[in-house]
1. By what distance, in whole Å, do the Cα atoms of segment 200-242 stretch along each of the three principal axes, largest value first?
2. Any idea of the accessible area per residue across the chain, 1.4 Å probe, to the nearest Å²?
3. Return the Rg/Rh ratio of the chain with Cα-based radii and a Kirkwood Rh.
4. Which values of log₁₀ I(q)/I(0), to two decimal places, follow from the Debye formula for segment 141-189 at q = 0.18, 0.19 Å⁻¹ with a uniform point scatterer at every Cα?
5. Could you give the C-alpha radius of gyration of segment 264-321 expressed as a fraction of 2.2 N^0.38 Å, taking N as the number of residues it contains?
6. For a protection proxy built on the mean count of beta-carbon atoms within 10 angstrom, sort 71-81, 100-110, 260-270 highest first, please.
7. If you roll a 1.4 angstrom probe over the protein chains with everything in place, what fraction of the accessible area of the chain belongs to carbon and sulfur, to the nearest %?
8. How long are the three semi-axes of the equivalent ellipsoid of segment 61-179, in whole Å, if each is the root of 5 times an eigenvalue of the C-alpha gyration tensor, listed from largest down?
Amino acid sequence: MQDMDALPKDEEECFDESSSELIEIKNEEAGGRIDRILAERYSDITRSYLQRLIKDGNVTMGGKAVKSSFKPSCGDEIQIIFPKASELQIEPESIPLDILYEDRDVIIVNKPKGMVVHPAAGHYSGTLVNALMYHCKDSLSGINGVLRPGIVHRIDQNTTGSLIVCKNDAAHQSIAEQLRVHSITRKYRAIVHGRLTKDGCIRTTIGRHPQKRKEMAVNVPGGKEAVTHYKILETFDQFTYVECQLETGRTHQIRVHMKSIGHPILGDDVYGPSKCPFSGLQGQTLHAMTIGFIHPSTGEYVEFEAPLPDYFEKLLQILRNKAS
């Protein structure tokens, strides 16, 4: 069986099993429409999907379904049920791809910011898989099913950079095994809050947050070993530019680990400060720069590098100018 760490869950919840969540209405939310409250609470899920949840009776209070226009009071408890995703027919879409390398076994893509890797609840179009199906036609591995053809590992929606996609099942099995034994080279670049003074290694366990369904946390019951090595590249007045190398590949690993040592990633709207000092920054400044692995057919080690995106380079220049 494939090790599930080879396919860590994206920040887009896959809803592989139905789940539910109970939320309590805050004072500042009281009197607002429930559809708008949920849109604020679940900003990473499309509004159309949340509206469908309400319409289908999956949003309730006291066991009774509510309408989109329902206005709860402070302290009201709202139950949201997230049904198991159905195996839908996913359509190829002509979406441009930044391809770093391609042969008959693998394709290495440079994923842009804001793109979800594969279809999931609320995101059944515009994903990397939709683009790959158009580009590769029928040449994608089928091990992970119709929702995830070719996908052997993931990066978060607002993380950019290099990603391996497998074009046949033999390649998929080879890469999955390398991920399972943690032999693949994965180096990220990030800007974190605060000034780090020395390189280091973070070694904890990571598991699902006991209260917050969409978040992960360190040292929780049932968590799995997680190891991140980090190296200082540049320091600024209030930030540090770092390289993070993964030894393991847990969900949100770098984001959770950097938060755990008091240096959350700049722009991270889940694990970082509520207010971002740079307006217009969409999500965390985290880039999967380098990926290296043993090629499934040749048996030789290969390595690929995705250049820093423009927004990241411009942000670094702003920080350098302020420091000079």
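1. Cα extents, longest axis first: 36, 19, 11 Å.
2. It amounts to 47 Å² per residue over the chain.
3. 0.98
4. -0.59, -0.65
5. It is 1.56.
6. Listed from highest to lowest mean packing, they are 260-270, 100-110, 71-81.
7. Result for the chain: 47 percent of the exposed heavy-atom area is carbon or sulfur.
8. Largest first, segment 61-179 gives 35, 15, 14 Å.
The values are calculated or read from the model by the stated rules, or taken from the named source; none is laboratory data. Note that the coordinates shown come from a computational prediction; the quantities given were computed from them, not determined experimentally. Heads up, the Cβs are rebuilt from the backbone with ideal geometry, glycines too, and the neighbour counts pull from every protein chain shown. Heads up: the accessible areas ignore ligands, DNA and RNA and are worked out on the full protein's heavy atoms, side chains in. Shrake-Rupley method; radii C 1.70, N 1.55, O 1.52, S 1.80 Å.
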